[in-house]
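The values are calculated or read from the model by the stated rules, or taken from the named source; none is laboratory data. A quick note: this is a predicted structure, and the numbers were derived from the prediction, not measured. Ideal geometry is used to build each Cβ from the backbone, glycine not excepted, and the neighbour counts take in all protein chains shown. Quick note on the areas: whole protein, heavy atoms, side chains included, nothing else; ligands and nucleic acids left out. Shrake-Rupley method; radii C 1.70, N 1.55, O 1.52, S 1.80 Å.
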Amino acid sequence: MSDATEAGGSAGAGGTAEPTGTAGAVDPAAGAGAVAGASGAAGVSGAAGASGAVEGEGGPGRLVKVVLVDDHRMFRTGVQAEIGQTARTGVEVIGEAADVDQAVTVITATRPEVVLLDVHLPGGGGVEVLRRCAPLMADAESPVRFLALSVSDAAEDVIGVIRGGARGYVTKTITGTDLVDSIFRVQEGDAVFSPRLAGFVLDAFASTDAAPVDEDLDRLTQREREVLRLIARGYAYKEIAKQLYISVKTVESHVSAVLRKLQLSNRHELTRWATARRLV
């Protein structure tokens with residue numbers, strides 16, 4: 001659930017990310033090309049005037065400004081503690097956000113070099129953030145680049161944010177060291193993915209043919225898909241309403257619309273449908 005952090009302050013110390021394997025870098029434009037191995041409220045931190053060399057994981061003289069977008073404050077705090085020691089990592093966390101509107105506001109105000117973006121966010125999800133920040137990504141002189149950082153490893157989520165403009169996608173099991181490395185790769189223009197997820201991208205961009213469209217899923221709006229995922233994960237209507245900042249009645253309306261469009265009878269059938277498509 002999202003909660004507030006004070007504007008002007010960066011997140012405090014928190015837990016570290018769980019270990020995982022090394023990340024891989026893939027350039028979708030290369031098709032089935034090589035995979036290179038590689039090891040809630042908005043808050044804007046004060047900009048650091050680091051102009052000298054930074055000795056750390058990022059390498060001498062390297063500094064990258066980052067915004068964290070995730071609706072879980074404890075996770076943001078943990079990431080900040082893990083990567084935000086600028087003198088060591090070369091990463092400066094200059095802002096945080098917990099939902100789509102906050103994310104767009106903070107990103108527009110701070111113009112970071114890299115945004116760590118959760119896929120499932122209140123207000124439309126990571127894809128909506130990417131859509132609204134498209135002009136910033138297209139800036140030829142100082143583009144804002146996005147790296148998805150999510151608990152989800154569903155192919156639909158990966159392909160959705162990559163088509164939306166993100167330069168990479170790593171899961172939340174990534175280590176702090178690998179995350180720092182991924183941030184710098186994305187800042188330099190590389191595309192970076194956790195190893196298993198790279199296959200989704202290679203498959204999707206292996207040819208000029210459009211990827212198969214799930215006609216049933218395509219009938220649903222973005223908000224209906226969010227409600228669908230939360231229902232399939234076992235959330236109660238009240239919990240969904242709180243997470244998405246909508247009323248319980250609105251949740252009920254979305255569920256009814258989803259059941260009607262998918263020709264399903266109840267939430268149990270809906271859960272089986274979503275699980276079969278790896279949407280949970």
Pair residue 196, residue 272: separation of 7 Å Cα→Cβ label points (nm): 2.5 nm
Lysines whose Cα lies under 25 Å from that of residue 261, excluding same-chain neighbours fewer than 8 positions away: 238, 242, 249
Mean accessible surface per residue for segment 136-192, computed with a 1.4 Å probe while every protein chain stays in place, in Å²: 33 Å²
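Over all directions, the average projected area of the alpha-carbon convex hull for segment 112-206 comes to how many nm²?
Values: hull surface 23.6 nm².
Its average projected convex-hull area is 5.9 nm².
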Summed residue charge, Cβ within 12 Å of residue 80's Cβ, Lys/Arg positive, Asp/Glu negative: -2
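With only Lys, Arg, Asp and Glu charged, each at its Cβ (+1 for the first two, -1 for the last two), find how big the charge dipole of segment 116-191 is about the Cα centre; round to the nearest 20 debye.
Dipole about the Cα centre, nearest 20: 160 debye.
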For segment 65-105: rounded, prolate or oblate by the Cα gyration tensor [a/c cutoff 1.5]: oblate
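Quick one: which of 68-74, 189-195, 240-246, 132-138 comes out on top by average Cβ neighbours within 10 Å, and what's the full order, highest first? Write out the running numbers ahead of the final one.
On the way: 68-74: 22.4, 189-195: 20.9, 240-246: 18.4, 132-138: 14.6.
Ranked by mean Cβ neighbours within 10 Å, highest first: 68-74, 189-195, 240-246, 132-138.
In segment 134-172, what trypsin sites (Lys or Arg not before Pro) fall in a loop by DSSP, with at most 16 other Cβ atoms inside 10 Å? Present the calculation step by step, with values, prior to reporting the outcome.
On the way: sites: 145, 163, 167, 172; in loops: 167, 172.
Within segment 134-172, no trypsin sites (Lys or Arg not before Pro) qualify (loop, at most 16 other Cβ atoms within 10 Å).
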Heavy atoms of residue 272: accessible area, 1.4 Å probe, square angstrom to 10: 150 Å²
